[in-house]
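See below for the structure under consideration.
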Amino acid sequence: MLRELAEAVATRRVGARELVALALERIERLDPGIGAVVAVRGDQALEEAAALDERLAQGEPAGPLAGIPFLVKDIEDLRAAPTTHGSLLFRQAARARADGVIPARLRAAGAIPVGKANTPEFASEGFTANRLFGATRNPWAPEWSPGGSSGGSAAAMATGMVPVATATDTGGSIRIPAAFCGLAGIKPTKGLVPFDDDLYWGDLTTAGPLGATVDDLRLLLDVMADRTLEDASLPRRVIAVPRFVPAGPLPKGVEVAFATALGAIERDLGFPVEPLEPEALGVPANPEADWGRWTAP
């Protein structure tokens, strides 16, 4: 979907300003029942989109995300917007002087930021609610959560407010909202996407893509990693572990899907798959207890 939208803007069949205006209209109309968007930069986004349209009309090359409206998770900096981290402590936060790493790369690819997306306080929960902006609702079932901590991003995308929103993952913060909201999501291998020093949880956190389709993930990961997936430096082996900790066999349906995916990796990508048992990852542990230990203040 993203490739088609960007191509339409690049060939001037659709204006970037038109896409941004549509995103702003959908946010205004749909977000009151969802609570995914915590700040909007309407006039600035429209001006930036109009400037892009003018540059394209003059023959300048278009980026791979030309004219795509996007939201920024509110633990990442967006130039001239406050970053609240979903916390009352940062209610009066100063406006950021520069974009964070991933917003900057999306902008460089031609995307237009239209606002910021809700997150639990300091991105520390698997649901999305905080005392500053309240709860974000799942667009498929508003009485339920979209997951977290990238729940504002996922809810906005699943509702169709924007085609792209940034996301980060420490212990499931991309993967949980993707599963809850009917999207695709990846926590990339550490080091593939550059680390943003302003994010929490140190080496456990990485930014990654959320998408409506797997091809959208591929394109976004290309942009975030600033290289193509055909780069010769990619690893050529896949290690497959059914669980992170010993917890018995997978449910039958999950086991079949897991095996099918591994078969596709070997067949379509040519990567040999090396199966491992959870015990091979290290000392068996209780993930709930461990999470409580390392997140304690």
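Brief remarks follow.
- Exactly one residue among 59, 100, 67 is crowded, with 20+ Cβ neighbours inside 10 Å and more than 17 Å from residue 173 (Cβ to Cβ), and that residue is 67.
- Residue list for segment 245-265, restricted to those being modelled with pLDDT under 90 and either of a type in the set (A, V, I, L, M, F, W, C) or assigned to a helix (DSSP H, G or I) (or both): 245, 247, 265
- Scope segment 103-122; condition open to solvent by less than 10 Å² (accessible area, probe 1.4 Å) and on the phi > 0 side of the Ramachandran plot; matching residues: 115
- Filter pass, residue 198 being at pLDDT below 95 and either touching a helix residue (DSSP H, G or I) at 6+ places or on another chain (Cβ under 6 Å) or part of a loop (DSSP other than H, G, I, E, B) (or both): yes
- Of the candidates 21, 51, the single residue that is open to solvent by less than 60 Å² (accessible area, probe 1.4 Å) and within 20 Å of residue 1 (Cα to Cα) is 21.
- Per-region count, segment 164-173, residues in contact (Cβ under 8 Å) with a residue 60 or more places away in the chain and not β-branched (Val, Ile, Thr): 3
- Failed item, numbered, when residue 91 is tested on (1) touching a residue at least 40 places away in the same chain (Cβ under 8 Å); (2) surrounded by 17 or more Cβ atoms within 10 Å (Cβ to Cβ): (2)
- Condition met for residue 79 (within 23 Å of residue 96 (Cα to Cα), of a type outside the set (A, V, I, L, M, F, W, C), open to solvent by 30 Å² or more (accessible area, probe 1.4 Å) and touching a Lys or Arg at 6+ places or on another chain (Cβ under 9 Å)): yes
- Of residues in segment 122-140 being outside any loop (DSSP other than H, G, I, E, B) and free of Cβ contacts under 8 Å to residues at least 60 places away in the same chain, the one farthest from residue 5 (Cα to Cα): 130
- Residue pairs meeting the criteria (Cβ under 6 Å; at least 6 apart or on separate chains; first in contact (Cβ under 8 Å) with a residue 60 or more places away in the chain, in segment 141-163; second part of a helix (DSSP H, G or I) and among the charged types (D, E, K, R)): 161/26
The values are calculated or read from the model by the stated rules, or taken from the named source; none is laboratory data. Source: prediction; values computed, not measured. All Cβ positions, even for glycine, are placed from backbone atoms using ideal geometry, and neighbour counts span all protein chains on display. Accessible surface areas use protein heavy atoms only, side chains included; no ligands, DNA or RNA. Shrake-Rupley method; radii C 1.70, N 1.55, O 1.52, S 1.80 Å.
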